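Peer 1: First the structure, then my questions, so here it is.
The values are calculated or read from the model by the stated rules, or taken from the named source; none is laboratory data. Small disclaimer: the values here were computed from a predicted structure and weren't measured. All Cβ positions, even for glycine, are placed from backbone atoms using ideal geometry, and neighbour counts span all protein chains on display. Just so you know, the surface numbers come from the protein's heavy atoms only, side chains and all, with ligands and any DNA or RNA stripped out. Shrake-Rupley method; radii C 1.70, N 1.55, O 1.52, S 1.80 Å.
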Amino acid sequence: MRTYILKRLFLALPALWGAVTLVFLALHAAPGDPMDMILPPDLAGAAGEEIVARIRAEYGFDRPLYAQYLIYLGRLTRLDFGRSLRTHTPIVRDLARRIPNTLQLGVISLGIAASLGVVLGVLSAVRRDSWIDNSTMFAALFGVSIPNFWFGFMLMLLFGLYWRILPPSGFGGPLYTPEGIRHAILPALTLGLASAGILARFTRSSVLDILGEDYVRTARAKGLAERVVIIRHAMKNALIPIVTILGIQLGAVLSGSVIVETVFAWPGIGRYLVTGINTRDFPVVQGAVLVVAVSFVLANLLTDLAYAYIDPRVRYE
Amino acid sequence: MNERILSTTGPGQLTVMRRLGRRLRRNRGAGAGLVCLALIAIMAAFAPALTPHCYERQNLLNRLAPPSATHWMGTDELGRDVFTRVAYGARVSLLIGLFGSTGGLLVGVTVGLFCGYLGGRFDNLVSRFIDIMMAFPGVLLAILIVSVLGPGTVNLIVALTIWFTPTFSRIARGSVLTLRGKEFVEAARSLGAPHLRIIVQHLLVNSLSPIIVYFTLSVATSILVAAGLGFLGLGVQPPTPEWGAMVSTARHYLRDAPFLSIFPGIAIFITVLSINFIGDALRDALDPRLKSIGRPNAAHHRAQPGGP
C-alpha cells in the first residue's frame, strides 16, 4: 500500500508541474504584451515611459522568459503569489481567507451529489425500467443540461424572493452556525444537483453491470435476501466506477464554484478569480487559478488513493 | 462492435445506416430532441422574419415591460424586445457550439490518429502533454484563455477548441491502437497504401462512432460553457445578444422582472437538453453494448462540463 501511495504521489508531480507551467505560459507567453493586462495601452501612454519601465522591471517582464519562469517557480515554493494590484494586500492572505469558504461549499454540494446520486442510481438499477428509473434518468439528463448560473437564479427567485424561506444570497458564517447552514443551502444545491445527475447515471450503469455477474446470481441462488445481495455483493463492487465519477465531480464542483460563487455572492476562491478578471488584477487571477488547478490535481490523486483502499487488486498491480 | 458497424462499405453500409436510422427513430427522446433543435435552428436562421423588432433598438419609455401581445417575452432594461434577442441569441449559441466542438474535433482527432499510428517517441511526448492538459480543469482553462486573449466570439471558439482537443485526441488514439494490428490495416499496408490513406480511409473511418457521439455531447457542453463565460462577461460582447450575458444582466432585475432571466435561461436549457437527448440516443444506437451493460465511458464523463 505504501509503495502504491508513493508511486501515485510521484505520478501527480508532473501533473502539478504541468498545471503550474500552463498558468505561467497562459499569462506570460501568450501573444501580446503581458504589461497590457496590468496597464492597458491607453493608460500606459498617459503614465509615461518611465513608470511603464518601472512596472515592467517590478514584474520581471524585462527579463527573458526562462528567467521569469525560474523566478515564478522560486516564488511559488515560498508561497509568494505577489500582491493584488488593486488592494495591495498579499494574495496568499486573501486566498487563505477564502479557501475555507469554497471548501465548505464544495463539501456540502459533494455530500448532496453523493447521497442523492448514489441512492437514486442504485434504485434505478434495481427497479430497471420502472417509473423510478425513468424519472431518475430523465431528471439526471435535466440536471446536466441546466446552466448552473440560471438554475441558481431560479432557486434564488423561488426560495429567497417569493417564498422567503432561505436567504437569497451572501455568506452567513461557518457551517456550525444556523445562519451559515441557511446561507449555504441554495449555492450547495445549485452546485450539487448537476453532479448528482451524473452520479446517478453512472451508479445505475455500474450497478446494472454488476447485477449481471455470476457471483450475484450465486448469491441469489443461495437464497440471500435481495437487500443483502444488493448491499453486500453488488454495491461493494460497483463502488469503483462510482468513486471515479465522484473524484471527477470533486473537480467539477471546484471549477463550478467559479460561477456559483459569483451568482450567490459567496466569498470564495471562484468569486475572487472573477473579481480579479473583471478588475484586470493579473496576480490575483494567477493565484486563484493556481489554487483551483492544484486542488484539481489533488482531487485526482485522492481518487486514485481511494481506489486502492476499496479495491485491493489496484494496490498489488 | 464499433468497427463492425462502420467497416462495411457499399450496400452493407446502407444497411448499417438504415439500422442506425431505425434505432434512432425508435428512441422517443431523440425524436423530441431533433424536433426541438430543428425549431431552434429555424428560429436562429429566420430571426429577422419572425419578429418585427430590432435586437438593438432601445425604447427607454417601455423598459422592463412584462410579456404581452407586442412583446411576447417582454422588454429588457433598455426597452429592447426580449424575444428578438433570444431568437438572435440562438445564432450565437449554435455557432459557438458547432465551431468550438468542430475545432476540437479537427485538431484532437488529427493529433490522436497520428499518435496512435506513429507510436514511439512522438506518441509518448504528445500523450504526456495531453495528460497534463487533462489534469487542468476545463472551465478554468477556458476562463484563463479568454481572459488572456480577451473576450469575443473567435477567442471563445479558440478556448473551446483547446478544451476539447485532449479528449478527442484520446478517443481517436485509443481507437487506432486497437485497430492498428487488425488484418485489414495489415492488408492495406502490404498492398503499399501510403500512410495518409491508411490513416484516413481505414483508421479514421473505423473510429468514427465514438467520435460522433462525443462530438454531439461536446456541442452541448460548448453551448453551456459559452453561456457560462457570457454570464461572467467573458463571452460575446454587447450589443450582440447572447443568452448567458442576457441572464447576467437580468439578475439585477430578478425581483421586479423575473421573465428577463427566465426566457434566455429556458432557451439555453432546451437547446442543451435537445442535443443531450440526441447524443444519448446516438450512443445507444452506435454502441448498443453501452446500453445493455452500461459500462461507464471514461472519455465522456471526463468531458462533462465543470459545472456550467
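Peer 1: Being at negative phi, facing another protein chain (nearest Cβ under 10 Å) and either modelled with pLDDT of 85 or more or in contact with a helix residue (DSSP H, G or I) (Cβ under 6 Å, 6 or more places away or on another chain) (or both) narrows it down to one of B:PHE269, B:PHE259, B:PHE263, so name that one. Before the answer, list the steps.
Peer 2: Details: B:PHE259 fails: facing another protein chain (nearest Cβ under 10 Å); B:PHE263 fails: facing another protein chain (nearest Cβ under 10 Å).
The unique qualifying residue is B:PHE269.
Peer 1: Another question about this same structure. Please go through segment A:265-313 and give me each residue that is of a type in the set (Ser, Thr, Tyr) and either open to solvent by less than 30 Å² (accessible area, probe 1.4 Å) or free of Cβ contacts under 8 Å to residues at least 60 places away in the same chain (or both), ordered by number.
Peer 2: Initial filter on segment A:265-313 (of a type in the set (Ser, Thr, Tyr)): A:272, A:275, A:279, A:295, A:303, A:307, A:309.
Across segment A:265-313, the qualifying residues are A:TYR272, A:THR275, A:SER295, A:THR303, A:TYR309.
Peer 1: Would you mind stating whether A:ALA114 is open to solvent by less than 80 Å² (accessible area, probe 1.4 Å) and over 25 Å from the mean Cα position of the chain (by Cα)? Outline the logic, then answer.
Peer 2: Details: open to solvent by less than 80 Å² (accessible area, probe 1.4 Å): yes; over 25 Å from the mean Cα position of the chain (by Cα): no.
No; evaluated as a whole, the condition is false for this residue.
Peer 1: Please find, within segment A:162-182, the residue that is nearest to A:LEU105 (Cα to Cα) out of those that are open to solvent by 30 Å² or more (accessible area, probe 1.4 Å) and in a helix (DSSP H, G or I). Give the steps one after another, and end with the answer.
Peer 2: Quick first cut of segment A:162-182, residues open to solvent by 30 Å² or more (accessible area, probe 1.4 Å) only: A:162-165, A:168-169, A:171, A:174-179, A:181-182.
Keeping just the survivors that are in a helix (DSSP H, G or I) gives A:162, A:178-179, A:181-182.
On the way: A:TYR162: 24, A:PRO178: 15, A:GLU179: 14, A:ILE181: 10, A:ARG182: 12 Å.
Among them, the one singled out is A:ILE181.
Peer 1: Now for a different question. If you go through segment A:12-28 one residue at a time, do you hit one that is more than 29 Å from B:ASN155 (Cα to Cα), within 14 Å of another protein chain (Cβ to nearest Cβ) and open to solvent by 60 Å² or more (accessible area, probe 1.4 Å)? Show your work before the answer.
Peer 2: Narrowing segment A:12-28 to residues more than 29 Å from B:ASN155 (Cα to Cα): A:12-13.
Filter once more, keeping what is within 14 Å of another protein chain (Cβ to nearest Cβ): A:12-13.
Checking the rest, the ones that are also open to solvent by 60 Å² or more (accessible area, probe 1.4 Å) come to A:13.
For segment A:12-28, residues more than 29 Å from B:ASN155 (Cα to Cα), within 14 Å of another protein chain (Cβ to nearest Cβ) and open to solvent by 60 Å² or more (accessible area, probe 1.4 Å): present.
Peer 1: Next question. Here is a list: A:PHE153, A:PHE159, A:PHE138, A:PHE202. Which entry is assigned to a helix (DSSP H, G or I), in contact (Cβ under 8 Å) with a residue 60 or more places away in the chain, within 13 Å of another protein chain (Cβ to nearest Cβ) and open to solvent by 10 Å² or more (accessible area, probe 1.4 Å)?
Peer 2: Working: A:PHE153 fails: open to solvent by 10 Å² or more (accessible area, probe 1.4 Å); A:PHE159 fails: in contact (Cβ under 8 Å) with a residue 60 or more places away in the chain; A:PHE138 fails: in contact (Cβ under 8 Å) with a residue 60 or more places away in the chain.
One residue alone meets the criteria, A:PHE202.
Peer 1: Considering only residues of segment A:247-259 that are touching a Phe, Trp or Tyr at 6+ places or on another chain (Cβ under 9 Å) and within 7 Å of chain B (Cβ to nearest Cβ), which is most open to solvent (accessible area, probe 1.4 Å)?
Peer 2: A:LEU254
Peer 1: Given the conditions (1) modelled with pLDDT under 75; (2) under 22 Å from B:ILE223 (Cβ atoms), report the number of the one that B:ILE40 does not fulfil.
Peer 2: Only one criterion is unmet by B:ILE40, namely (1).
Peer 1: For A:ARG271, are the conditions met, namely being within 11 Å of another protein chain (Cβ to nearest Cβ), more than 21 Å from A:TYR72 (Cα to Cα) and of a type in the set (Lys, Arg)? Write out each step before concluding.
Peer 2: Numbers: within 11 Å of another protein chain (Cβ to nearest Cβ): yes; more than 21 Å from A:TYR72 (Cα to Cα): yes; of a type in the set (Lys, Arg): yes.
Yes, satisfied.
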